[in-house]
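First the structure, in the form of structure tokens, and then the observations on it.
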Amino acid sequence: MWNKSSLPLKITLPLVLMQILGLICGGWILMSKIDAARLNELDELLIGQTELITESLIHNAEQPDFLERSEFFKEFEKDPSLYFEIVRPDGSILYTSSGPDPAFREELQRFFQGPNLALNKPYDVDIKDQTWRTVYTQIRYPNEQQAETLTLKTAMDETVSIEELDSIRTLIIVGGGLLSILTTIATAAIVLLSTVNLRLFAKNLRLIDPENPKWSFPVRAHSAEEILLFTSFDTMMQEMLKARQIQKLFLANASHELKTPVAGMLAALEVVLARERSPESYQAICRDLLRTVRDMKRLTGALLDTSLLDGHKNMALQTIDFRSVVQRVIDRWSKHAADKAIILDWTPPSSPLWLAAHPELLDVAVSNLVDNAIKYSGANSSVGIELKSSSDGKTLALVIKDQGMGMDAATQARLGEIFYRADVARSHRDSFGLGFANAKRILESHKAKIKVDSAVGMGTRITIELSQVHPAQT
């Protein structure tokens, strides 16, 4: 249930609970401090009054029965909140004050007649719903030279201070409750205001059309987290739109490229069925159909290469001899190059050149690059292919150079885009705009470096650098 609760509740509830706990702990500590301060003040007052009583008694050297009472003594004796009695060592009461109500005096006398308490240590005693603070002290009367030790038992009514403490406690509880309510409301308001954009964001997500995923959220971010969320989602949406556009472009161009050979095949078959023809005419039409079928095969092969690459995001690499890959590619394209009067200039290295790669995908990449070099080279030209190792033995370099039409800087910048072909290449029926794009993706998945050097009318030179491995490392 907690996981399904709203974010404001998840944030507000713990904060409120911590605030309440803090108020309770703080209130308890504060009340403890106030109560301790109250008792200290009462004890100081009680001891001070005890000393004044003692001084008043000692002031007169006569017997207590005939004590000439001072003004202080008279005041203490009549104070209703103060009671004291003087007791001889044998337990007989020498003197009692008359300030409190007789009923309280009787109760206090009964308490004082009980077990003796520790000297100079205050105690609390409850008398008829009132709390009195008591203390026992010893005095020598009438003087230090010739005197007996008397016990002065003093009690002070602390009910008023306790009531004041209760009032303070009530104020603290009420104030803490009001503060807790106000902080709860304020916290909830702040959290709601802080998450309003998130709620709007979530509602807008539901409005996105899967068939046309456009994103528009004209709300200004109010925090660093919202900026991160909105920019990250916007970036993701841009990538999704880009991928969708690529997909649409892929399908549109694929259908366009397939439409031409299919239309050609349809026209050729209609010609065949229109009337009887000579064997030579049938052979010519069949050759056209064969060429068209080969074009379609090449296109579907290029499309399959793309899906093959997508299915090998986590490729299982093998240690292979790069020479054998290049040799297979050259053997594959030799006849096609010869048909166009193009020489494949290739001299294999004398020793193996090892690297970690996916054999089939690397074959596709090299084959596409050699195919492009042949495709864009004119008759009676050559395509140079060179494979070599760096001087430190850390990298391998494959160089493919043609003598074709070359490319300008703008065209080179767009190399690698699926279905992109330079304007000068539009006349090439065999070009689908997939070869270099697939080769680039495959090589980048092998962490290869690709460098293209080209100029219009000067041909193109492609250099591929791959990390070299040695048998001892495998």
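What follows is calculated from the coordinates using simple rules that are stated; it is not laboratory data. Quick caveat: nothing in here was measured; it's all calculated off a predicted structure. Cβ placement follows ideal geometry from the backbone for every residue including glycine, while neighbour counts extend to all protein chains displayed.
Projecting the Cα atoms of 445, 329, 455 onto the dipole axis of the stretch 313-473, where Lys and Arg carry +1 and Asp and Glu carry -1 at the beta carbon, places 445 farthest toward the positive end. Inter-label distance, residue 149 to residue 255: 11.7 nm, where each label sits 7 Å from its Cα along the C-beta direction. The slack in the chain from residue 248 to residue 10, taken as 0.36 nm per residue of separation less the alpha-carbon distance, amounts to 81.3 nm. Taking each residue as 0.36 nm, the span from residue 300 to residue 51 lengthens on full extension beyond its C-alpha to C-alpha distance by 78.3 nm.
Amide H to amide H distances under 5 Å link residue 342 with 380, where only residues 5 or more positions off or on other chains count and H is placed in the peptide plane. Computed from label points 7 Å out along Cα-Cβ, the spacing between residue 75 and residue 408 is 11.2 nm.
Label positions at residue 28 and residue 160, each projected 7 Å from the Cα along the C-beta direction, are separated by 3.2 nm. Ranked by how many other Cβ atoms sit within 10 Å of their own Cβ, fewest first, the residues 401, 128, 388 fall in the order 128, 388, 401. Which far-off residues, 5 or more places away or on another chain, put their amide H under 5 Å from the one on residue 395, with H placed in the peptide plane? Under 5 Å from the amide H of residue 395: 390, 468. Panel order for 381, 98, by other beta carbons found within 10 Å of each beta carbon, from fewest to most: 98, 381. In this calculation the C-beta distance from residue 399 to residue 317 is compared with R0 = 25 Å, giving a FRET efficiency of 0.60. For the stretch 83-233, taking the reciprocal of the average inverse distance between every pair of different Cα atoms yields a Kirkwood hydrodynamic radius of 22.5 Å. Across all directions, the average projected area of the convex hull around the alpha carbons of the stretch 313-473 is 9.5 nm². Using the Cβ-Cβ distance between residue 392 and residue 206 with R0 set to 56 Å, the FRET efficiency works out to roughly 0.45.
Between residue 185 and residue 262, the FRET efficiency from the beta-carbon distance, with R0 = 56 Å, is close to 0.20.
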